[in-house]
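Below is one structure, written out as structure tokens; comments come after it.
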Amino acid sequence: MTNLEYARLLINDKDQNNLIFSDTELQEIISLNSEVKVVEAEPKSLDKTLWQIPFRHLDETYTEKIYNEYEEELSGTVDKVTGEITLDTAYDGYVFVQAKIVHWNDIQADCFEMIATDIRRWNSYSAGGLSETFSKAELLAVARNLRSPRGAEL
């Protein structure tokens, strides 16, 4: 699933005849809420060939790099959807991955705020035909709850 398809899935913008966001707009929102980051992986298997990072649905276009604590590159693959790293050989040390993290909750929040504040988008937005049951204030409250804190690691 591409970044655009996943973003459309999250905001229920799947009707090809009546899209709320153009591909260009959605790609810009995704770019604004993405960052290249080095994260530590945790071992997931006893043989130390399977590792896990705490992020899912990594950017589809970025090529991840896997390193050890000595900044030596390790050979392996990264599953972009699950955040799982499979090393070609076992490694008994620290494993780090440089990846492009996409903050999907922030993308949802940005989209919901744009829908609530733009009358054209608001009139065409429908969550399964239930757009009448959402007030703009409720949609903005959902966006506020989705938004993650900036500038701090939690």
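The values are calculated or read from the model by the stated rules, or taken from the named source; none is laboratory data. Computed from a predicted structure; not experimentally measured. For neighbour counting, all protein chains shown are included, and Cβ atoms are generated from backbone atoms with ideal geometry for every residue, glycine included. Ligands, DNA and RNA are excluded from the accessible area calculation, which covers all protein heavy atoms including side chains. Shrake-Rupley method; radii C 1.70, N 1.55, O 1.52, S 1.80 Å.
So if R0 is 30 Å, what FRET efficiency would residue 119 and residue 60 give, r being the distance between their Cβ atoms, rounded to the nearest 0.05? Each step should come with its number before you reach the end.
On the way: r = 33 Å, r/R0 = 1.09.
That gives a FRET efficiency of 0.35.
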Quick one: accessible area per residue over the chain, 1.4 Å probe, rounded to a whole number of Å²?
-> 59
Before anything else, pin down the relative contact order of the range 35-102: Cα pairs under 8 Å, at least 6 apart, normalised by residue count, whole percent.
-> 46
In debye to the nearest 20, the charge dipole size for the chain, taken about the Cα centre with +1 at each Lys and Arg Cβ and -1 at each Asp and Glu Cβ, equals 660
Long-range lysine pairs (8 or more apart or interchain), the range 35-102, Cα under 14 Å | 5
The chain: relative contact order as a whole-number percent, Cα under 8 Å and 6+ apart | 24
Charge tally for neighbours of residue 141 with beta carbon under 12 Å away, counting Lys, Arg as +1 and Asp, Glu as -1, is +1
For the range 35-102, with all protein chains present and a 1.4 Å probe, just round the carbon and sulfur fraction of the accessible area to a whole percent.
-> 51
For the range 110-123, Karplus couplings with θ = phi - 60° (6.51, -1.76, 1.60), whole Hz, Gly/Pro x | 4, 5, 5, 5, 5, 5, 5, 9, 10, 4, 5, 5, 4, 5
